[in-house]
Structure formats: structure tokens, C-alpha cells
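Chemist: Got a structure for you, written out below as C-alpha cells; questions coming shortly.
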Amino acid sequence: MRVNFLDGLRGWAALMVVLSHLFNFLSINRPEYKLPIFAFASNGHLAVLIFFVLSGYALSINRLNKRIAVVSLIISRYFRLLIPIFLTSLLTYIFIKNGFFLNQEVYETNILYQTWIGSFFKFETSLADLLQFSFYDVFFNYDPEHTYNSSLWTMYDEICGSILIFLYLHFIRKNIGINLKVWIPLTLFLMFKRPDLSCFMMGYAIAELNRFKSTIFNLKEFHFLVCFAITVIALSFYTPNWEWINCLSAAFLVFLVSYSSQLRFFFQNTISSYLGKISFTLYLIQITVICSLSSYLYLKLPTLGIDLSTSSDINFLCSITVCLFVANYLTFIDRLSINSSKWIYEKTNLFFIHASSSYFRTTQGKKD
């Protein structure tokens with residue numbers, strides 16, 4: 001069962017990440033992009049935490065009250081993430097080798113870019129290096145100074161959070177529902193030690209609660225909408241310093257959407273569904289676009305006699321349009337990874353079933 005509003009919410013979160021990077025890039029010449037009116041829409045960090053909550057929800061919702069094959073799920077999840085990462089990193093590799101990235105030239109024009117765009121792609125690249133990054137480093141040994149995509153710092157949390165959910169469902173939950181004696185101390189511990197991973201556990205809890213939403217939190221629709229609006233406005237003017245508050249904010253927003261029929265309807269409309277369809281590829285290609293097209297326009301437009309503010313606006317419109325177009329064009333990568341991961345799950349699960357059956361027969365034969 002696919003929960004459509006999750007895809008829509010994930011799509012808007014992906015757009016928030018793109019906006020955060022574009023506004024951060026362009027606000028040096030267009031400070032208006034830092035105004036509070038844009039603050040929530042460009043809160044990329046909150047968007048990533050929403051991703052983690054949604055992953056915990058999505059990985060749990062269809063596996064509640066089901067026996068799961070943990071090892072097969074972990075392997076298939078790895079390939080679900082690996083395939084889009086490898087193919088989009090290969091695109092980045094091609095751009096590097098052909099000199100399409102101008103982020104270093106942008107950095108040379110303004111020292112303020114040193115800690116972000118100026119730090120990208122300073123390392124020596126090779127196909128062997130690309131393979132090592134895509135298959136291992138991005139998940140288990142991520143180095144922000146040696147990455148083909150700075151947005152991929154989240155993949156370590158994604159793979160760890162996925163493993164956490166699968167192990168919890170298999171060993172802790174089983175068929176008894178949410179186990180508060182384990183869930184509460186585990187989530188609190190993670191919230192202060194590994195807050196990103198606590199988002200997965202909160203996403204799982206929302207999936208559990210969603211099964212009983214007709215009898216729990218029996219509030220009027222108006223209350224959910226007001227809470228959502230207040231949260232958005234508050235986060236537009238206030239950025240929490242404590243990460244656990246950010247995690248709770250992300251989980252609260254997902255909770256409100258899952259309980260509100262009006263919010264669910266919005267996140268299932270045509271625009272939301274489109275953004276949901278391209279969300280992963282949009283997240284993966286935005287840095288490539290910013291370091292190539294956006295950087296080129298940043299350097300070129302002022303030379304045409306266009307003032308810096310207008311240049312930034314033109315750059316923004318062109319960059320966001322190209323991001324959406326390329327992400328839509330690359331959705332076949334996402335479909336390929338989903339279908340491949342399902343096939344890998346079926347094959348590995350079948351292998352382990354046959355292996356365990358063979359081991360059991362061998363053991364019984366020796367006993368007899």
C-alpha cells in the first residue's frame with residue numbers, strides 16, 4: 001500500500017532543500033532571500049529531518065503485524081539508495097571531467113563562498129574513486145571534503161535508520177503493537193545522542209498511531225490546521241538551537257498531516273504528486289545544477305549589464321526550472337532502483353529460505 005500524502009510531503013521537503021541551497025547561494029547579491037517570509041520554505045535542515053521521519057513512517061506502515069525478513073530488507077534498501085546515488089554521481093563525474101563546474105570560479109569572486117560552494121570538487125577523481133564513493137564511502141565513510149554530492153551526507157543516517165526500523169519491527173514490536181517500555185527510552189536516548197535517528201523512531205510511532213486515528217486525538221479539523229499554521233509561522237521566525245527540538249518539529253508536522261484530511265488532500269493534489277514523483281532525483285541533482293548552470297549564470301549575467309539583484313532573480317528562476325526539468329527527466333532512475341530493490345528482496349529472501357530449509361534438513365538428517 002502506497003501512502004500518497006507521504007510522497008507529496010516528501011516532494012515539498014525536497015523542494016525546500018533546493019530553495020535552501022539556491023537562496024544561500026544567491027542571497028549574497030540578493031539579501032531579500034533571507035527575509036522571514038522565505039525562512040520556512042528554505043529551511044533545508046528541517047526538510048531533511050522530515051525526510052527521516054517520513055522514512056521511518058514509510059518503512060513501517062506496510063510491515064506492521066507482518067513477519068519481515070530483516071537481512072533481505074537491509075540488502076534491498078541498500079540497493080534502493082545505491083542505484084540513484086551511483087548514476088547521479090556518475091553524471092557529476094562526467095561534469096567534472098568536462099569542466100562543466102564553475103563553483104571554484106564563483107568562490108574566487110567572493111570569499112564568502114569559501115565554506116560552502118568553494119569547498120566542492122577539489123579532489124582527484126577517477127572511476128575507481130567514484131565506485132568506492134558510491135558503493136561504500138557514501139554510506140559508511142562519508143567525507144564532506146571528498147564527495148560527489150554534498151547532499152549525500154544524509155545517506156549514512158538513511159541506511160542506519162532503515163536498519164534500526166527493520167530490527168525494531170522484527171525483534172521488539174513483532175505482533176504486539178507499539179512497545180512503549182522500549183520505544184520511549186530508545187527514542188529519548190537517540191534524541192539526545194543521535195537525534196537524526198530518533199526521527200525514524202518517531203516516524204514509526206506516527207505510523208502506529210495512524211491506524212487508530214479515528215479513536216485517538218479526536219480533534220476537529222480546524223485544530224490540526226491551526227497547529228500546522230502556528231508551527232510554520234513559529235519556525236519562520238525562530239530557528240531552534242537544540243537539535244531535538246528540530247526533530248520534534250519535523251515529527252509534529254508529519255503527525256499533523258497524517259491526521260488532517262485537508263492537509264492530506266493538499267499533499268495528494270496534482271502539484272504535490274508531481275513533486276513526490278521527482279523528489280529523490282530532485283534532491284540528488286540540485287547540487288550539480290547549482291555548481292554548473294547557476295554558477296555560470298552568476299558569473300555571466302552581470303557581464304551583460306544586468307544589476308546583481310535582477311541577475312539573482314533570473315538565476316533563481318532558471319536554476320529552479322532546470323532542477324525540476326532534469327529531475328523529471330531522471331525519474332526513470334528512481335523507478336529502476338525501486339524495481340531492482342524489489343527484485344533483489346525477492347531473490348535474497350528466496351535464497352535465505354532455501355538455505356535455512358537445507359540447513360534444517362541436514363540437521364534433522366544428522367539427528368536421525
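The numbers here are math on the coordinates, done by the rules we state, and not lab data. Keep in mind that this is a model prediction, so the values were computed, not measured. All Cβ positions, even for glycine, are placed from backbone atoms using ideal geometry, and neighbour counts span all protein chains on display.
Chemist: Taking GluC sites (Glu not before Pro) as candidate sites, keep only those in a DSSP loop with at most 15 other Cβ atoms within 10 Å, then name the longest stretch of the chain containing none of them. Display every interim value, and only then the final one.
Modeler: On the way: sites that count: GLU124, GLU145.
Counting only loop sites that pass the neighbour cut-off, the longest clear stretch is 146-368.
Chemist: Moving to a separate point now. Taking loop as defined by DSSP and a crowding limit of 14 other beta carbons within 10 Å, which trypsin sites (Lys or Arg not before Pro) in the stretch 257-315 fit?
Modeler: Values: sites: ARG264, LYS277, LYS300; in loops: none.
Loop-located and lightly packed - none at all.
Chemist: For the stretch 70-157, which trypsin sites (Lys or Arg not before Pro) pass both filters: DSSP loop (anything but H, G, I, E, B) and at most 11 other C-beta atoms within 10 Å?
Modeler: Values: sites: ARG77, ARG80, LYS97, LYS122; in loops: LYS122.
Those that pass, being in a loop and sparsely packed, are LYS122.
Chemist: Next up: For the stretch 120-127, take each phi angle, set θ = phi - 60°, evaluate the Karplus expression 6.51 cos²θ - 1.76 cosθ + 1.60, and give the result in whole Hz per residue in order, putting x for glycine and proline.
Modeler: So the Karplus estimates, Gly and Pro as x, are 7, 6, 9, 9, 6, 9, 7, 5 Hz.
Chemist: Rank by packing, highest mean first: peptides 270-276, 253-259, 8-14, 232-238, with packing defined as the count of other Cβ atoms within 10 Å averaged across residues.
Modeler: On the way: 270-276: 16.4, 253-259: 22.7, 8-14: 25.3, 232-238: 13.7.
Result, highest mean Cβ count within 10 Å first: 8-14, 253-259, 270-276, 232-238.
Chemist: A further question follows. Where the centre of each part is set by its Cα atoms, how far does the stretch 41-72 sit from the stretch 239-301, in angstrom?
Modeler: 15 Å
Chemist: Can you give me the angle between helix 195-210 and the longest principal axis of the chain, using Cα atoms only, in degrees from 0 to 90, rounded to the nearest 10?
Modeler: Roughly 60 degrees, rounded to the nearest 10.
Chemist: Rank ASN62, PHE5, LEU22 by how far each Cα sits towards the positive end of the charge dipole of the stretch 1-99 (+1 on Lys, Arg Cβ; -1 on Asp, Glu Cβ) and give me just the farthest.
Modeler: It is ASN62, whose Cα lies furthest towards the positive end.
Chemist: Measure up LYS66/LYS181; LYS193/LYS220; LYS277/LYS342; LYS66/LYS342 against 24 Å on the Cα-Cα distance and list the ones that go over. Show your work: numbers first, answer last.
Modeler: Values: LYS66/LYS181 21 Å; LYS193/LYS220 36 Å; LYS277/LYS342 18 Å; LYS66/LYS342 17 Å.
Check vs 24 Å cut-off fails for LYS193/LYS220.
Chemist: Under a Cβ-only charge scheme (Lys and Arg +1, Asp and Glu -1), can you give me the dipole magnitude of the stretch 4-367 about the Cα centre, in debye to the nearest 20?
Modeler: Numbers: 27 positive and 19 negative charges, 413 e Å.
For this selection, approximately 1980 debye.
Chemist: Run the helix sum for the chain: -39,500 (n - 2.57) per DSSP H stretch of 4+ residues, divided by residue count, reported at 222 nm to the nearest 500 deg cm²/dmol.
Modeler: Working: 16 runs with 254 residues, N = 368.
Result for the chain, helices only: -23000 deg cm²/dmol.
Chemist: Let me make sure I get this right: for the chain, a, b and c are the square roots of the gyration tensor eigenvalues over alpha carbons, sorted descending. Under 1.5 in a/c it's rounded, otherwise prolate if a/b > b/c, else oblate. Which is it? Present the calculation step by step, with values, prior to reporting the outcome.
Modeler: Values: a/c = 2.21, a/b = 1.36, b/c = 1.63.
Oblate, since a/c reaches 1.5 and b/c is not below a/b.
Chemist: While we're here: With the contact rule set at Cα under 8 Å and sequence spacing of 6 or more, what percent relative contact order holds for the stretch 4-367?
Modeler: Working: 441 pairs, mean separation 118.4, N = 364.
The normalised contact order for the stretch 4-367 reaches 33 percent.
Chemist: I would also like to ask the following. For the chain, find the longest principal axis of its Cα atoms and tell me its angle to the long axis of helix 155-167, 0 to 90°, nearest 10.
Modeler: Tilt relative to the chain: about 20 degrees.
Chemist: Can you tell me how much longer the chain between GLU243 and LEU317 gets when fully stretched, taken as 0.36 nm per residue apart minus their C-alpha distance, in nm with one decimal? Numbers along the way, then the final one.
Modeler: Working: separation 74, 0.36 × 74 = 26.64 nm, distance 3.20 nm.
Result: 23.4 nm gained on full extension.
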